[in-house]
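*Asks:* Next up is a structure, given as structure tokens.
Nothing in this text is a laboratory measurement; each read-out follows from the coordinates by a stated rule. On a predicted model such as this, the values are computed, not experimentally measured, just so you know. Backbone-built Cβ (ideal geometry, glycine too); neighbour counts: all protein chains shown.
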Amino acid sequence: MNENELRIEVLLTLQVALLGEVPEALRGITCDWNESQIVIHCYFDGEIAEEDRESMEDVVAEVIASFLEHEVILDCIRKDMPEPLNPLTLKAWVYRRREQM
């Protein structure tokens, strides 16, 4: 799979996996990938609830099921408003909530 095909597959897989799993406190999800690894960073506003962390783990389980040959790494990170998310961008944003600045 070439870089563009991998990009499309990773982003679409994450979009589908997020259906019904986006908690209110989630500010954004950015990801990175290569031929052997997918990294997913989830940024939350406030304390990360166990239920929200479990939702993100469910998302990752779907990604793992689609990319058996990849190591998938999840990191749930607290980044309270109004701290900017743009400096934290990996290769692409999968999700960003609308925020009043």
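*Asks:* Scan segment 34-65 for residues that are of a type in the set (Ser, Thr, Tyr) and under 15 Å from the mean Cα position of the chain (by Cα) and jot them down.
*Replies:* If the condition is that a residue be of a type in the set (Ser, Thr, Tyr) and under 15 Å from the mean Cα position of the chain (by Cα), then 43, 55 are the ones that fit.
*Asks:* Right, another one. Tell me the strands (runs of 3 or more DSSP E) entirely within the chain that contain at least 2 residues that are surrounded by fewer than 12 Cβ atoms within 10 Å (Cβ to Cβ).
*Replies:* Correct list: 71-78.
*Asks:* Follow-up. Looking at (1) touching a Phe, Trp or Tyr at 6+ places or on another chain (Cβ under 9 Å); (2) in contact (Cβ under 8 Å) with a residue 60 or more places away in the chain; (3) of a type in the set (Phe, Trp, Tyr), which one does residue 93 not meet, given that it meets all the others?
*Replies:* (1)
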